[in-house]
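Single-structure report; data block below.
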Amino acid sequence: MDWATIQTALPLAVQTALGDLTADVGWTDREARYRAASHVRLSVLSSVPLGREERRYTAEGSDDIRERVYGPRRLVVSIRCETRDQDLISSALQTAEDIAAGLHQSDVEAILDTAGLGVARVEPPRQINAPDGKGKVRSVVVLDVRFNAHGSKTGPLVPYVQAAEIEGTITNGPNVGPFTVTE
């Protein structure tokens, strides 16, 4: 997976899904700073392999091919929405609903595609409001999203087989002399 692109594309995709490119969206534990009254934090929960890895080859030059190990993955990202507002229209539940629906917009899909991601499933939002010691309650909703992804690792150059020479006696068939098979 292209983690550098995922790190920048996912927050942009969530901002686009919210319809606000200035929305406070970032990665959990990556920054220590004041957060806006309404903010969204992302964290990777897992990257699960799906099936077996496979080797793929692409031509590189006239005499070589490049090996690449490829494997499909399921990337699970937790999206935590928080607001200080308990009015339903301004609550974290509304933010989570906007993100869940917005992830299927064509402009958001285009952003996710640049990172090699596709939305596989959006889990139902879980409301886990957080009261503080002063009697105030922050509206908190967690939304897990499963993305189709892939991992690949470029391997060594592998030389082409230029020719194979076959010789010997054929039984139960016509006798032919040695011959060479080339590409």
Check your understanding: List the pairs whose first member sits in region 53-75 and is exposed (fewer than 12 other Cβ atoms within 10 Å of the Cβ), whose second member is of a type outside the set (Asp, Glu) and outside any strand (DSSP E or B), and whose Cβ atoms are under 8 Å apart, counting only residues at least 6 apart or on separate chains?
Key -> Asp63/Tyr160; Asp63/Gln162
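Please verify whether Thr22 is within 22 Å of the chain's Cα centre (by Cα) and either touching a residue at least 24 places away in the same chain (Cβ under 8 Å) or farther than 15 Å from Gly151 by Cβ (or both), treating the condition exactly as stated.
Judged against the criteria, Thr22 is not a match.
Test Ile79 against the stated conditions and say whether it is assigned to a strand (DSSP E or B) and closer than 24 Å to Pro125 by Cβ.
Numbers: assigned to a strand (DSSP E or B): yes; closer than 24 Å to Pro125 by Cβ: yes.
Here the answer is yes, as Ile79 does meet what is asked.
For Ala59, indicate whether it is among the aliphatic types (A, V, I, L, M) and in a loop (DSSP other than H, G, I, E, B).
Working: among the aliphatic types (A, V, I, L, M): yes; in a loop (DSSP other than H, G, I, E, B): no.
So Ala59 fails the test.
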Check your understanding: Is it true that some residue in region 76-84 is modelled with pLDDT under 90 and farther than 23 Å from Ile6 by Cβ?
Key -> yes
Check your understanding: Only one residue in Ile89, Ile166, Ile65 is at pLDDT below 85, of a type outside the set (Phe, Trp, Tyr) and in contact with a strand residue (DSSP E or B) (Cβ under 9 Å, 6 or more places away or on another chain), so which one is that?
Key -> Ile166
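Restricting attention to region 131-150, report how many residues are in a strand (DSSP E or B) and either within 20 Å of Ser78 (Cβ to Cβ) or out of contact with any strand residue (DSSP E or B) (no Cβ under 7 Å at 6 or more places or on another chain) (or both).
Initially, region 131-150 is screened for residues in a strand (DSSP E or B), giving 131, 137-150.
Retained after the next criterion (residues that are either within 20 Å of Ser78 (Cβ to Cβ) or out of contact with any strand residue (DSSP E or B) (no Cβ under 7 Å at 6 or more places or on another chain) (or both)): 138-149.
Residues meeting the conditions: 12.
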Review point. Of the residues that sit in region 100-128 and are in contact (Cβ under 8 Å) with a residue 24 or more places away in the chain and in a loop (DSSP other than H, G, I, E, B), which one is farthest from Val76 (Cα to Cα)?
Key: Gln105
Practice item. Look through region 143-161, keep the residues that are surrounded by fewer than 18 Cβ atoms within 10 Å (Cβ to Cβ) and of a type in the set (Val, Ile, Thr), and return whichever of them is modelled with the highest pLDDT. Key: Thr154
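The values are calculated or read from the model by the stated rules, or taken from the named source; none is laboratory data. Everything numeric here is computed off the predicted structure, so don't read it as measured data. Note: ideal-geometry Cβ built from the backbone for every residue, glycine included; neighbour counts use all protein chains shown.
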